[in-house]
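The values are calculated or read from the model by the stated rules, or taken from the named source; none is laboratory data. Note that the structure is a prediction, hence the values are computed from the model and not measured. With ideal geometry, Cβ positions are generated from the backbone for all residues, glycine too; neighbour counts draw on all protein chains shown. We work out accessible area using only protein heavy atoms, side chains counted, and drop any ligands, DNA or RNA first. Shrake-Rupley method; radii C 1.70, N 1.55, O 1.52, S 1.80 Å.
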Amino acid sequence: MKKVLFMTAAAALFAVPMSAGAVSPQGETEKQEYLVEFSGPAEAGLMQAFGISETDVLHTYDLLDVQLVELSKAQVPLLENHPQIEAVDENAEVTTLSQAVPYGIDQVQATDAYAQGISGDGVSVAVLDTGIDAGHEDLADNVVGGYSVFSDADNSNPFFDGNGHGTHVAGTVAAVDNDLGVIGAAPDADLYAVKVLSNSGSGSLAGIAEGIEWSIENDIDIINMSLGGSSGSSVLESFTDLAFEEGSLVIAAAGNSGNRGGNNDTVGFPAKYDSAMAVAAVDATNNRATFSSTGPAVEISAPGVDVLSTVPGNGYASFNGTSMAAPHVAGVAAQVWQAKPELSSAELRDLLNDTAVPLGASHQYGSGLVQSLDAIND
């Protein structure tokens, strides 16, 4: 494994204990906690009139006329109907903010690898795309560097993504495990935003070659290219070959030019090059997405239908495409490389293929569905 950087994801926890039972001094009546708001300063006499003792008052707030009180169910309606009581609210449980695990993360066994402490720690992934919103709440801690092939003001910043595609890809690779939004396949991997596509989503073969060259020069472990076209270039192929020869694992989306029959050769470039892993898209039930390109270059499959991930502005959205499948493979590769740093890029590639779950015809699915834990344990 090559040179890497690592930044720890900060976790935000918001939880408070809430429900407690007690025995009423008036009988065997279960009590629960309630927040009682008064229309003026709370009077001890008023509380005592309802059989509420000083020991039933658990906390008195300073800035509002509110007390945390243990009440029986019989006492609650009496207080609610009193003119000097504004509100009686049950002290309900509050837990951490919700973080969704997109179905594809489970499907490729990334969550199983988490359970073994494998999260892509120490592995670098370059996302050659439209840039990454480096301020996103689910990505900021993992975006550690970047580069843009553009010189104009609108596109020169790799950490601004005016399109959304690159940010979505980055989230599938390495959205942080932080109780917010989603989690990526390798939530502790280092992300590099390499902007080779403009905010409008367009780029050139020369720009992609420049992005690959930058990745090689900066010792990037995994290069993810969720992009492509119907024609290639011998120079782009040479750069893709060089990246693999220099020790990077090159992963590329197979393309979205497939059809329902799935028997044509429609894989695009650079995925069609031998040095790149061409990734096809499947759905939640491991059926090939009808849009997923097919052909002898297809090497492996991953989820690419209705994939939930990050978008600019602290947003989240579901996208379809082999562009969404490729970063699942990149994230899995980061996990496996953390677990087995002694592997070369060629050995890692072979391992991912050897441990994939066969799904059908190789020109549609390649070796099958990529599996993280199986590769780690092989």
Residue 173 being within 20 Å of residue 216 (Cβ to Cβ), outside any loop (DSSP other than H, G, I, E, B) and open to solvent by 10 Å² or more (accessible area, probe 1.4 Å): no
Inset, instruction - Determine whether segment 246-262 contains at least one residue that is closer than 26 Å to residue 350 by Cβ, among the hydrophobic types (A, V, I, L, M, F, W, C), touching a residue at least 40 places away in the same chain (Cβ under 8 Å) and out of contact with any helix residue (DSSP H, G or I) (no Cβ under 7 Å at 6 or more places or on another chain). - result: no
Using the structure shown, decide if residue 248 is in contact with a Ser or Thr (Cβ under 8 Å, 6 or more places away or on another chain), more than 16 Å from residue 144 (Cα to Cα) and at pLDDT 95 or above.
yes
For segment 26-44, pairs from a residue that is under 10 Å from residue 72 (Cα atoms) to a residue that is open to solvent by 50 Å² or more (accessible area, probe 1.4 Å) and at pLDDT 70 or above, with Cβ under 6 Å and 6 or more apart or across chains, are 34/90
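So that you can scan it fast, the table gives a plain yes or no per residue for (1) under 27 Å from residue 105 (Cα atoms); (2) open to solvent by less than 20 Å² (accessible area, probe 1.4 Å); (3) within 22 Å of the chain's Cα centre (by Cα):
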position	(1), (2), (3)
222	yes, yes, yes
239	no, no, no
245	no, no, no
249	yes, yes, yes
265	no, no, no
271	yes, yes, no
281	yes, yes, yes
286	yes, no, yes
294	yes, yes, no
Across (1) assigned to a loop (DSSP other than H, G, I, E, B); (2) modelled with pLDDT of 95 or more, residue 260 clears everything bar (2)
Task: Condition met for residue 336 (aliphatic (A, V, I, L, M), open to solvent by 50 Å² or more (accessible area, probe 1.4 Å) and within 24 Å of the chain's Cα centre (by Cα)) - done: no
Scanning segment 353-378 residue by residue, those closer than 15 Å to residue 254 by Cβ, open to solvent by less than 30 Å² (accessible area, probe 1.4 Å) and aliphatic (A, V, I, L, M) turn out to be 356, 369, 370
Scanning segment 214-257 for residues that are among the charged types (D, E, K, R) and assigned to a loop (DSSP other than H, G, I, E, B), the one farthest from residue 297 (Cα to Cα) turns out to be 219
Residues in segment 172-202 that are in contact with a Gly (Cβ under 7 Å, 6 or more places away or on another chain) and of a type in the set (Gly, Ala, Ser) total 7
